[in-house]
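> Got a structure for you, written out below as structure tokens; questions coming shortly.
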Amino acid sequence: MSNLPLTCPPLIKKASVKVLANVATLCEACSATNRIQGLFLALRGIELHMKASALGGSSEWVELFPDLEKRPRQVDLMGGDTDATASGLLGENAAIPAGIYDQVRLRLVPNQGDAETLTSPVNACGESGINCMIMADGHVNALKVAEEEAELRIASEALPGGLLLILPDVNEELHIQLTPVWAMVSSFPEGLRFVAALKANARIERVGTTSNQEN
């Protein structure tokens, strides 16, 4: 029998995180055909990527809201969440390990996915898919989502200072800013065309403090 003292695993400190999103660069002076009225995403996951430790620790994706995998939901980032009461609120009170993160990933249900899996009672995008922009004149533009990946990744170059610092025992807010853009793609047989897409950045704010970490 060994007389070596038993060692306990190190205590992993946690932080409470709320996730919010907003849409930037809206053109209020544009005509109805160019003014966005609603932006809908069908979310099946919100994840942070933990930066590998300088001491050799492995990096990994940390899921903030595991229930989204089984119960994805469609959210309106401009008119309030279809499942929540606060505008722009994607989720709150996620308890995750404190540490340094270098990427954010929104995992989406593909446009060709089954809309019946959504917790939302009605698919706001109609026949255009389940991720879309709705213009002020009522026209619906499906958002370009790579079917094999179905995700929107916010890499380190879109983060303030390249990193997100999550402190232990602190209430944090992860703010995601989405900017609609038009991407030019070429496909057969449609040829060259413009499709709606998104670019994004993210930052951390401590509740009760003022952040100036914006890009």
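> If I model a spin label at residue 167 and residue 149 as a point 7 Å from the Cα along the Cα→Cβ vector, what separation in nanometres do I get?
Spacing of the two 7 Å Cα→Cβ label points: 3.4 nm.
> Something else about it: Could I have the simple spin-label model distance between residue 179 and residue 136, label points 7 Å from Cα toward Cβ, reported in nm to one decimal?
2.1
> Give, as a single signed number, the net charge of other residues whose beta carbon lies under 15 Å from the beta carbon of residue 14, with Lys and Arg counted +1 and Asp and Glu -1.
Its environment carries a net charge of -2.
> Another question, then. Work out the FRET efficiency for residue 70 and residue 35 from their Cβ-Cβ distance, taking R0 = 45 Å, and round it to the nearest 0.05.
Between residue 70 and residue 35 the formula returns 0.80.
> What is the distance, in nm, between label points placed 7 Å from the Cα along the Cα-to-Cβ direction at residue 60 and at residue 12?
Placing both labels 7 Å along Cα→Cβ, they lie 0.5 nm apart.
> When you have a sec, figure out the Kirkwood radius of the stretch 125-178 from all distinct Cα pair distances and drop it here in Å to one decimal?
14.5
Computed from the coordinates by the stated procedures, all read-outs in this text should not be read as laboratory data. These numbers come from a predicted model, not from an experiment. Here the Cβ is made from the backbone with ideal geometry for all residues, glycine too, and neighbour counts use every protein chain on show.
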